[in-house]
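Please read the structure below before turning to the comments.
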Amino acid sequence: MKSDNAKTEKQRLFMIEYITGAVANLISENENIGLLDAFENFYNSIWYKRLLNYDTLLYRESAGYVYELYKSPAIDMTGKEKLTEYELEITSKKGV
């Protein structure tokens, strides 16, 4: 029997792959570009890097939410990286 850690890792990877494909489809449809170009655009975005970072918990979000993040600027007007809703919640609890 697989350990819980291995099972959790497999589930995370599955969710990341699913979200990546769904976001690429949304990019392709909404930007009228080919699917391979859409994948490349997403892979090269800050949001894909954030999706791969388990600490952001972005892999738990919907593809629609991740797509909305992708469409928005990744940097706010002060020059800081935008945070996901989860990161904002954790930051506010820490009093940062």
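We did not get these values from a lab; they are worked out from the coordinates using the rules stated. Keep in mind that this is a model prediction, so the values were computed, not measured. No Cβ is skipped: glycine too gets one built from the backbone with ideal geometry, and neighbour counts run over all protein chains shown.
Remark: region 22-29, residue by residue, has Karplus-estimated 3J(HN,Hα) of 5, 5, 4, 4, 5, 4, 4, 5 Hz, where x stands for each Gly or Pro and the curve is 6.51 cos²θ - 1.76 cosθ + 1.60 at θ = phi - 60°. Protection proxy ranking, highest mean first, for peptides 6-19, 34-47: 34-47, 6-19, where packing is the per-residue count of other beta-carbon atoms within 10 Å, averaged.
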